[in-house]
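Here is the structure we will look at, set down as structure tokens.
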Ligand SMILES: [Zn+2]
């Protein structure tokens with residue numbers, strides 16, 4: 001499922017291929033992916049020009065300006081689990097699960113939103129509506145400062161893995177890059193953010209930034225569905241060091257990678273490189289039955 005590097009790659013592709021182009025017509029083939037009224041979605045976006053592409057965390061915001069100088073609209077795109085937002089020739093056959101089409105310029109090319117699992121969403125919003133959505137998110141994981149990062153960790157006692165994935169605290173990480181960043185920082189997924197040393201917190205901050213930057217350079221990770229704006233898969237899959245490598249040897253020390261379920265999500269880690277701290281999140285032991 002798309003996380004920050006995948007969404008950033010889509011954003012960069014849209015800038016290359018669609019910036020400055022006119023959204024000549026909008027067609028909704030499956031209204032369930034539209035937030036709000038489908039009619040309003042069409043009428044507020046048609047006839048506008050794409051003037052900016054921005055991203056915060058996993059949210060993508062396309063700014064569309066009108067010729068008459070009226071207030072801009074924003075197309076907020078959430079790729080969800082399996083969403084794809086690509087520029088394609090109109091003549092190319094539609095894949096199944098293609099839900100929304102935005103014809104560009106003379107209609108020879110179009111933006112296509114395709115989503116097999118249909119957890120993704122498109123919404124046409126005003127600047128105020130967009131700011132309300134983005135304002136609920138924490139700082140973007142690629143832009144957060146170290147001071148902000150350390151402040152957000154302070155006093156937190158849940159699992160660091162869940163903390164990294166909490167979009168209200170830090171926007172952009174999901175399961176893949178949270179596991180990879182913890183491995184890079186040699187931190188156990190059940191460590192508590194408020195209890196790690198200053199040195200470890202510093203290491204984690206830089207591990208997050210490094211893992212994300214490297215993944216963006218390689219166009220993200222494709223397991224099955226993710227494609228960039230030009231329909232290409234990401235190349236980070238081969239660089240994964242722990243994610244979905246349960247049972248395989250650690251690439252650093254050779255110990256077998258293990259899996260642990262935290263808050264319903266699998267965490268992959270090396271039990272030697274990421275030693276379990278003395279105190280971890282959720283350590284209440286089940287009570288022994290009375291003798
Ligand atoms: Zn190891």
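Things worth noting here:
- Condition met for residue 207 (away from the ligand (no atom under 16 Å from the Cβ), on the phi < 0 side of the Ramachandran plot and either surrounded by 14 or more Cβ atoms within 10 Å (Cβ to Cβ) or not in a loop (DSSP other than H, G, I, E, B) (or both)): no
- Selection status of residue 241, touching a strand residue (DSSP E or B) at 6+ places or on another chain (Cβ under 7 Å), modelled with pLDDT of 95 or more and within 16 Å of the ligand (Cβ to nearest atom): no
- Scoring residue 200 on the criteria (1) within 22 Å of residue 154 (Cβ to Cβ); (2) more than 16 Å from the ligand (Cβ to nearest atom); (3) part of a loop (DSSP other than H, G, I, E, B) leaves a single failure, condition (3).
- Qualifying residues in the stretch 227-238 (those that are in a loop (DSSP other than H, G, I, E, B) and out of contact with any strand residue (DSSP E or B) (no Cβ under 7 Å at 6 or more places or on another chain)) - the one nearest to the ligand (Cβ to nearest atom): 236
- Residues of the stretch 23-42 that turn out to be part of a loop (DSSP other than H, G, I, E, B), touching a strand residue (DSSP E or B) at 6+ places or on another chain (Cβ under 8 Å) and either farther than 30 Å from residue 169 by Cα or outside the structural domain of residue 114 (by TED's automatic domain parsing) (or both), as a count: 2
- Screening residue 158 against (1) surrounded by fewer than 13 Cβ atoms within 10 Å (Cβ to Cβ); (2) more than 20 Å from the chain's Cα centre (by Cα); (3) in a loop (DSSP other than H, G, I, E, B) leaves a single unmet condition, (1).
- Single residue of 209, 195 found to be more than 23 Å from residue 54 (Cβ to Cβ) and in contact (Cβ under 8 Å) with a residue 12 or more places away in the chain: 195
- The stretch 247-281: number of residues that are loosely packed, with under 15 Cβ neighbours inside 10 Å, more than 12 Å from the ligand (Cβ to nearest atom) and in a loop (DSSP other than H, G, I, E, B): 6
The values are calculated or read from the model by the stated rules, or taken from the named source; none is laboratory data. Since we're looking at a predicted model, the values are computed, not measured. In this analysis, Cβ positions are derived from the backbone assuming ideal geometry, glycine residues included, and neighbour counts consider all displayed protein chains.
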